[in-house]
1. Looking only at region 1-27, which residues are part of a strand (DSSP E or B) and of a type in the set (Lys, Arg)?
2. Considering only residues that are hydrophobic (A, V, I, L, M, F, W, C) and modelled with pLDDT under 90, look in region 152-167 and name the one that is farthest from Thr186 (Cα to Cα).
3. Which residue is surrounded by the most Cβ atoms within 10 Å (Cβ to Cβ), if the candidates are limited to region 183-203 and must be more than 15 Å from Gly148 (Cα to Cα) and polar (S, T, N, Q)?
4. Going through region 67-87 one residue at a time, which ones are closer than 20 Å to Ser162 by Cα and of a type outside the set (D, E, K, R)?
5. Could you tell me whether region 100-108 includes any residue that is surrounded by 14 or more Cβ atoms within 10 Å (Cβ to Cβ), modelled with pLDDT of 90 or more and closer than 26 Å to Leu2 by Cβ?
6. If a residue counts only when it is of a type in the set (S, T, N, Q), which helices (runs of 4 or more DSSP H) contained entirely in region 76-193 have at least 2 such residues?
7. Which one is farthest from the chain's Cα centre (by Cα) among residues in region 139-167 that are surrounded by fewer than 18 Cβ atoms within 10 Å (Cβ to Cβ) and touching a residue at least 12 places away in the same chain (Cβ under 8 Å)?
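The values are calculated or read from the model by the stated rules, or taken from the named source; none is laboratory data. Here the structure is a predicted model, which means the values were calculated and not measured. Counting neighbours? That spans all protein chains shown, and the Cβs are built from the backbone with ideal geometry, glycine included.
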Amino acid sequence: MLKIENLNSGYGDIQVLWDISLEVRDGEVVALIGSNGAGKSTLLWTISGLLKPKSGSITLAGQRIDGTSPDRIVSLGITQVPQGRRLFPGLTVRENLSQGAYSRNDAAGLRQDLDFVLTLFPRMKERLSQPAGSLSGGEQQMCAVARGLMARPKLLMVDELSLGLAPIVVEAIYKAVAQVRQRGMTVFIVEQDVQLALEQADRGYVLDVGHLVMSGTAQELMENPRIKETYLGL
């Protein structure tokens, strides 16, 4: 589905990513892991069109999307749940969810998807009329994921899914990811919590100071001595 080849990206004259090549196949959950500052968010922003790559290519289902506008990339089927949620705090939960579906005009499908995300996150159903800014941090993350799902993407990218959240909230969100995957959606998760990410993923990539240094199945990475020592403290 998503293929990245020899991608170089950054901010102005500051290069953050060097020669990144990776693939996310249809129906997979793929984890991108690495420490804070490794360049994980920069990669997602580049895929989403918020940053223009310096060189290299990004292909979605055989179509080049590098250099494409963010709204066009959303319409092609990629949705990003950003780090920090980025909700509209003054709008209600319902209004925030509607913003996720701004490019859609299929009323029946929208009703179905709203029912689905409210089933995934029952707390959102209880808080539909509340301002998003009044939610707890965990509830805001649920709302952000639900908003991303309202676009009915082919590829859902979630940046730092578990950051700063209570374990019970993280468990609920990862259960939702598993249910989304059962519906055929492809998921690309960025995480600092390496063990948590690899427990959920089919495959993973390790990013270190802007370079991909390792890849493999989730099981292979979990058993790798370097991963155990550097990221798991074992």
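1. Matches in region 1-27: Lys3 only.
2. For region 152-167, the residue satisfying everything is Ala166.
3. It comes out as Gln200.
4. Thr79, Gln80, Val81, Pro82, Gln83, Gly84, Leu87
5. Within region 100-108, none of the residues are surrounded by 14 or more Cβ atoms within 10 Å (Cβ to Cβ), modelled with pLDDT of 90 or more and closer than 26 Å to Leu2 by Cβ.
6. 93-100, 107-120, 137-149, 167-182
7. Ala166
Residue by residue, here is whether (1) outside any loop (DSSP other than H, G, I, E, B); (2) at pLDDT 95 or above; (3) in the same structural domain as Val16 (by TED's automatic domain parsing) holds:
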| residue | (1), (2), (3) |
| --- | --- |
| Gln195 | yes, no, yes |
| Leu198 | yes, no, yes |
| Leu212 | yes, yes, yes |
| Gly216 | yes, yes, yes |
| Met222 | yes, no, yes |
| Arg226 | yes, no, yes |
| Glu229 | yes, no, yes |
| Leu234 | no, no, yes |
